[in-house]
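Structure record follows, encoded as structure tokens.
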Amino acid sequence: MTDPIQQAVSSARGPQDHAVRDQILGAAHGHFRRHGYGKTTVSDLARDIGVSKAYIYKFFDSKQGIGQAICASLLDQILAEVKKAVDDGGSATQKLRSLVETMTSSTLTVCFADRKLFDLAVYSCAEKWPSSQAYIAQIHVILAEIIAEGRKTGEFERKTPLDETCRAIAGAMQPFVNPVMLQHNLDDLARGVNEATSLILRSLAP
């Protein structure tokens, strides 16, 4: 079954399991890591795998299309880790903590372990690529499920509309899960995440 974030990427062409498509993505990932997304061209990729630039366009409609496919794969990794952490979380309170902590740590690993991939993350967020928008939508679904569960068990208040609560929490999480903002909060990240999550949980108390 196709991952939900991959489903949002509509710029891919040709057969999804074609060997050349995999070669293009492999070359792109290598170039993005070495030179950054902004400095990589489709011509670079074509030259790298020994095909024409026109042939690459049989599989992707643009460099952004290639970037989206790679970004979707990275975001699917983060989403899988988030879902596992939430499923193992226990109470709604514990699940909310796990959501924020895992999103933060996974984003750090994916986007900052290799600094050049941060370039791709910036483009994804700034340009609101379908892959990043689909990821945000999936996180909102998980968040809404946690809040609904907490209300059912009596852990969280029930007066504030659910969509308003989710938007407020998602906004408060931005400094720790948005790659563009996260880079400015690295010095005291663990304490910042803990304090922000504690504040959110206090605001949810019945």
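The values are calculated or read from the model by the stated rules, or taken from the named source; none is laboratory data. Just so you know, these numbers come straight off a predicted model, no measurement behind them. Backbone-built Cβ (ideal geometry, glycine too); neighbour counts: all protein chains shown. For the accessible areas, the whole protein counts, side chains as well, though only heavy atoms, and no ligand, DNA or RNA atoms are used. Shrake-Rupley method; radii C 1.70, N 1.55, O 1.52, S 1.80 Å.
To the nearest Å, what is the center-to-center distance of region 71-102 and region 103-165, using C-alpha atoms only?
About 9 Å separates the Cα centre of region 71-102 from the one of region 103-165.
At a 1.4 Å probe radius, carbon and sulfur cover how many percent of the accessible area of region 63-204? Write out the running numbers ahead of the final one.
Details: 3620 of 6750 Å².
Answer for region 63-204 is 54 percent, counting heavy atoms of protein chains only.
Show log10 I(q)/I(0) for region 30-93 at q = 0.20, 0.24, 0.30 Å⁻¹, two decimals, from a solvent-free Debye sum over equal Cα scatterers.
Values returned for q = 0.20, 0.24, 0.30 Å⁻¹ are -0.80, -1.02, -1.26.
Mind checking which helices in the chain clear 15 Å along their axis (Cα) and have mean Kyte-Doolittle hydropathy of -0.5 or more, DSSP H runs only?
The qualifying helices are 63-87, 92-112, 115-126, 130-153, 162-177, 189-204.
Between beta-carbons, use under 13 Å as the cut-off and find the net charge around residue 144, counting Lys and Arg +1, Asp and Glu -1. Please report the intermediate quantities before stating the final value.
Working: positive: 95, 151, 152, 167; negative: 145, 149, 163, 164.
Result for the local shell: 0.
What are the trypsin sites (Lys or Arg not before Pro) within region 121-185 that DSSP puts in a loop, where the Cβ has at most 15 other Cβ atoms within 10 Å? Walk me through the intermediate numbers first.
Details: sites: 128, 151, 152, 158, 159, 167; in loops: 128, 158, 159.
Filter output for region 121-185: 128, 158, 159.
Local charge sum around residue 155 (other residues, Cβ-Cβ under 13 Å, Lys/Arg +1, Asp/Glu -1)?
Values: positive: 95, 97, 151, 152, 158, 202; negative: 149, 157.
Net local charge, residue 155 excluded: +4.
Mind checking which aspartates and glutamates have their C-alpha under 18 Å from residue 63, skipping anything on the same chain fewer than 8 residues away?
Candidates past the 8-residue exclusion: 22, 44, 48, 119, 127.
So with the 1.4 Å probe, I'd like the accessible area per residue for region 14-60, rounded to whole Å². Each step should come with its number before you reach the end.
Numbers: 2510 Å² over 47 residues.
Value returned for region 14-60: 53 Å² of accessible area per residue.
Amide H neighbours of residue 60 under 5 Å, counting only residues 5+ apart in sequence or on other chains, H built in-plane at 1.01 Å?
Here the answer is 13, since their amide H atoms fall under 5 Å of that of residue 60.
Starting from 0 in steps of 5 Å, tell me what percent of the Cα-Cα pairs of region 103-206 lands in each bin.
Answer for region 103-206: a P(r) of 2, 12, 20, 22, 18, 13, 8, 4, 1 percent.
If Lys and Arg each add +1 and Asp and Glu each add -1, what is the summed charge of the other residues whose beta carbon sits under 15 Å from the beta carbon of residue 191? Before the final figure, lay out the partial values.
Working: positive: 97; negative: 101, 187, 188, 195.
Combined, the nearby Lys, Arg, Asp and Glu give -3.
Using a 10 angstrom cutoff on alpha carbons, build the Gaussian network for the chain and name the most mobile of 61, 119, 187.
The residue that fluctuates most here is 187.
Could you work out the relative contact order of region 14-60? I mean the mean sequence separation of Cα pairs under 8 Å and 6+ apart, divided by the number of residues, in percent.
Working: 25 pairs, mean separation 19.6, N = 47.
About 42 percent, as a whole number.
What accessible area per residue, rounded to a whole number of Å², is obtained for region 63-204 using a probe radius of 1.4 Å?
Working: 6750 Å² over 142 residues.
Result: 48 Å² per residue.
Where does the chain land on Rg(C-alpha)/(2.2 N^0.38 Å)?
Numbers: Rg = 19.0 Å, N = 206, 2.2 N^0.38 = 16.7 Å.
The chain yields a ratio of 1.14.
Compute the relative contact order of the chain as a whole-number percentage, counting only Cα pairs closer than 8 Å that sit 6 or more residues apart in sequence. Please list the in-between numbers first.
Details: 220 pairs, mean separation 47.5, N = 206.
Over the chain, the number comes to 23 percent.
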